[in-house]
Each structure stands twice: as structure tokens, then as C-alpha cells.
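Quick notes on the structure that follows.
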Amino acid sequence: MRIAVNEALMKLRRKKPERTVSLDEDIKTEDDSLPREIADWSPNPEQQYNQAELREILSKTIQGLPPGFRTVFVLRDVEGLSTEETAAALDLSVPAVKSRLLRARLQLRERLGRYFQRRGNEDSGIVDGKRASGDGNQ
Amino acid sequence: MKCSEFLNELTNYLDGVIDESTKIELENHLSWCHNCYVVCDTTKKTIEIYRDSQLYELPDDLRTRLRSAIMKKCQQHKKHGPKSV
Ligand SMILES: [Zn+2]
């Protein structure tokens, strides 16, 4: 996530954050991240995959987020910055950080569900490292 | 409380920054709404998985730079208030 942090640093250096407002606006679409997939996950989802598979799943999934969401998620949830720090770093308002964080979390959750959902027959265990055998996502 | 209201508070709830009466309402909702319970639980897992993944270990110097840049920025924020909104 070097990229997200570099984005953050670049924003910090920029004198006039002219794009702040428009960036805030372009994520106001309400239903984009509302949960559609509500199936529960296996008890220890990450253990269904080996280390390399898991890393690939996680990085592929997070790359699919809009950059503005990804940066907020990484700073807040991975790096552990506070909401205020993240807001300052990205020149966003606190409510904007919160709104992006919620959307980022929900979108990641939805996407990870493809891999981590509890399956009918748990015993098979391995699904080729790719996706849970097609119980209709998307 | 409706599911959409629950979702709006989900981030505050997971971060533990929420007043007691809202928390009681949320947990009351969780006690009967299975969908929100699952969403809440799997969102929590999502955060934990990424946090534990060490996918994004920052090099220390970058982390230090980021922190100090943010601290500086925070002080400006206190003086002038956030720029947006
Ligand atoms: Zn609900």
C-alpha cells in the first residue's frame, strides 16, 4: 500500500487542495456499497487459503476499490491513524473520512465474501484458491 | 431503528466511538436483525484480516514522514479548521 501512502503524502505537499470538494461529491452515490450479499462467512475464513493465496485475494480485492476509498481504509484501518489524522492527511472533512471508511469497509467485505462465504459442503475445503464454487455472486 | 440507520452508525460502532444510548439501540437492532448482525460481524472480520495481513507494512522512514506530516497538518487544522465543509 505504498501507493496509498504516497498519494497521501502528495496531498500533504500540495498547497491548495482544490479537488477536495469534487472528490467528496463523487462518492455520494448512495447505494453503491449497500450490502447485497449477506451470507455468513466460515468461522476462520483466512485459514481456507494458504499465505500466498490469501495475499493475492486481499491485494486484488483492495485494488478494486476507488483510490479515494482505498487510501482512507489503509490509513485508518491498516495504519491505525485516527479519523482526525486521516482527515488532516488527506485534506478531507471528518464526516467525509467516515463516509469513505464505511463504504470502503462495506465494499471490501462484500468482495471478500466471494472467497470467505460459508459453503454448503465445508468438507471439501479447497476451492482452487480462486473463488467459492459459484453460489451466484453478481 | 431501521437497517439503513444501523449501517450509518456501523463505522462508529466498530470504532467504539459512540454514545451509550446509541450503542444500546444498535445492539438491540443486532439482537433481532440477522442480516445486520452478519454484515457487522463480517465487516469486523474484513478489518481484522487486512490489519493482520501485513500486506502493507510501511517502511519505517515512510511511516515517520507520514506521521510528522500529519501532525503538522493537524496543528494547522486546529488553528484554521478543516478546509472542506
Ligand atoms: Zn438490520
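The values are calculated or read from the model by the stated rules, or taken from the named source; none is laboratory data. Model, not experiment: these values are computed from the prediction. Cβ coordinates were reconstructed from backbone atoms using ideal geometry, including for glycine residues, and neighbour counts include every protein chain displayed. Surface accessibility is based on the protein's heavy atoms, side chains included, excluding ligands, DNA and RNA. Shrake-Rupley method; radii C 1.70, N 1.55, O 1.52, S 1.80 Å.
From the list A:E30, A:E37, A:E25, A:E85, which one is modelled with pLDDT under 80 and either surrounded by 21 or more Cβ atoms within 10 Å (Cβ to Cβ) or within 22 Å of B:I47 (Cβ to Cβ) (or both)?
On the way: A:E30 fails: either surrounded by 21 or more Cβ atoms within 10 Å (Cβ to Cβ) or within 22 Å of B:I47 (Cβ to Cβ) (or both); A:E25 fails: either surrounded by 21 or more Cβ atoms within 10 Å (Cβ to Cβ) or within 22 Å of B:I47 (Cβ to Cβ) (or both); A:E85 fails: modelled with pLDDT under 80.
Going through A:E30, A:E37, A:E25, A:E85 in turn, just one is modelled with pLDDT under 80 and either surrounded by 21 or more Cβ atoms within 10 Å (Cβ to Cβ) or within 22 Å of B:I47 (Cβ to Cβ) (or both): A:E37.
Checking B:N35 against (1) more than 8 Å from chain A (Cβ to nearest Cβ); (2) in contact (Cβ under 8 Å) with a residue 24 or more places away in the chain, only one condition comes out false. Which one?
Every condition holds for B:N35 apart from (1).
Could you run through the range B:1-16 and say how many residues are within 8 Å of another protein chain (Cβ to nearest Cβ) and either open to solvent by 70 Å² or more (accessible area, probe 1.4 Å) or over 23 Å from A:R100 (Cβ atoms) (or both)?
Final tally of qualifying residues: 1.
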